[in-house]
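Working notes for the structure below.
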Amino acid sequence: MSDQRRVYIETYGCQMNLYDSRAIRDNLSAAGWSEVESPDQADVLLMNTCAIRDGAETRVLGRIGEFQRYKYERPEVKIGVLGCMAQRLGEELHARKRAVDLVVGTDSYGQLAELIDAARDSGQPQFDVQTDDSLTYVARPETSPLNNSHFISITQGCDYRCTFCVVPSTRGVLRAKAPSIILGEVEQIVAAGGVEVTLLGQNVTAYRHPEASFAELISSVAGVKGLRRVRFLTSHPTDFPEATLLAVAEHEEISPWLHMPVQSGSDRVLRRMKRGYRMAEYMAVVERARQLLPDLTLSTDLIVGFCGETGADFQQTLDAMRELRFDSAFMFKYSERPDTPASRLDDDVAGQIKDERLQQVISLQDELWTQRAAGCIGEEWKVALEGEDIKGRGYFKGRTLNNRKVLVPKRADLSVGDELLVRVTGCAGTTFRSELRSVLWKYDHVAA
């Protein structure tokens, strides 16, 4: 066995997987592993995976095939599949792809270094997809976080049982970190020079711990000295008490942006999905949020073509979109996921109809957003700079507290982290263009 300990990690899926990959790096670093930037430099190739949609798993299976060439060149190279896809498929994954040497589930990252050593020593594949309903992860702060916002997972798992969703089987029951641990992570981020955090959970507003409610937690996080912005996602409408909205309203550091998936505008479809609410209840949360939060922005997820969705059901989704006027929406056509409750229902909406309905919701969302965005021209917004525009158009990219993306012309005296007052001059897609009015706050880039 080679004594080299070089690892390459690819991450697929959501921000929680990005956070988990940081925890994985920390664990492997403590065991003497160094991360490399290219698979041809590595002795172990790891993929931290997503299982939410079939396409995500298909990409990973294809990537495993691509990785085999490194084993052909160096037979001692090991390939590992981690995370939700590993949790869902277990040893079946090795049966389908013999090149896989490690299958490690979402609750087993702490054992990963030992499993890698066992695979290298024995030459035999290693599996660990056991669940631990008390486990959460802690990761060190990133040096250069995505969009200049540090992600912190505050929960793992979900207690809802939506019929289309694999999360309960891949992530387990809801587990919440102690508030002291979360606050310790935030303080560490601020000490390293960070000024923004995003609190993550499959259902983040369901956070519950003997020491704090979610409203109490975000209030405490907002009170950390030196922290300027707090965001959170994803929210569920049945876990949105007034206290949470009041906490957002009372703290200028907390983003008035809610990502709250509605999935369908039909009560009949919502019952088949087991979402746990009716449209009237969803709309009541939004109405109250808009009363308390004048700058509220609202984003959502929508699924069209779910089992049994009729034309009338779909029309109710279109009607709900017109009434709720989402700022943005992630829109998908239903695809069956194995071993979910919905997989036992008839997937009886024809593929062509799913495609047509998806195009309709996309077109409607574009129409509604174009109207909404036009009303923003001429407004003045406070924007935090997140980085340089990757398209090289001579702009910084920035973001408002309520999560609107804004381009600001570059100037030599501006830098990432600065907070500006800008005037909105135009919009393309969901990104606004602006002109600088004044610099409100300079980020000094000095860690505490």
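A short reminder: the numbers here are calculations on the coordinates, not readings from a lab. This is a predicted model, so every value here is computed, not measured. We place every Cβ from the backbone using ideal geometry, glycine too, and count neighbours over all the protein chains shown.
Just checking the chain: which Cys have no other cysteine's beta-carbon under 4.7 Å?
So far as the 4.7 Å Cβ criterion goes, Cys14, Cys50, Cys84, Cys158, Cys307, Cys376, Cys427 stand without a partner in the chain.
Once you charge only the Cβ atoms, +1 for Lys and Arg and -1 for Asp and Glu, what is the size of the charge dipole of the stretch 332-436 about its Cα centre, to the nearest 20 debye?
Dipole of the stretch 332-436, to the nearest 20 debye: 380 debye.
How much of the calculated P(r) for the stretch 146-368 lies past 27 Å, in percent of all Cα pairs?
Working: 9212 of 24753 pairs.
In whole percent, the long-distance tail amounts to 37.
In what sequence, highest mean first, do 56-62, 163-169, 369-375 appear when ranked by Cβ atoms within 10 angstrom?
163-169, 56-62, 369-375
Once you place label points 7 Å from the Cα toward the Cβ at Lys274 and Arg140, how far apart are they in nm?
Taking the simple label geometry, Lys274 and Arg140 are separated by 4.1 nm.
Take the Cα pairs of the chain, get the Kirkwood Rh, then feed it into Stokes-Einstein at 20 °C and 1.002 mPa s and tell me D in µm²/s.
Answer from the Stokes-Einstein relation: 91 µm²/s.
If packing is taken as the mean number of other Cβ atoms within 10 Å per residue, what is the order of 321-333, 10-22, 125-137, highest first?
Going from most to least packed, we get 10-22, 321-333, 125-137.
State which entries of Lys397/Lys442; Lys382/Lys442; Lys97/Lys333; Lys71/Lys97; Lys225/Lys382; Lys391/Lys442 exceed 18 angstrom in Cα-Cα distance in the structure shown.
Lys97/Lys333; Lys225/Lys382; Lys391/Lys442
With +1 on the Cβ of every Lys and Arg and -1 on the Cβ of every Asp and Glu, and nothing else charged, how large is the dipole of the chain about its Cα centre, in debye rounded to the nearest 20? Display every interim value, and only then the final one.
Working: 55 positive and 64 negative charges, 150 e Å.
Computed charge dipole of the chain: roughly 720 debye.
How large is ³J(HN,Hα) for each residue in the stretch 192-197, as worked out from phi by the Karplus curve 6.51 cos²θ - 1.76 cosθ + 1.60 (θ = phi - 60°), to whole Hz, x for Gly and Pro?
Per-residue couplings from phi come out as 8, x, x, 10, 9, 10 Hz.
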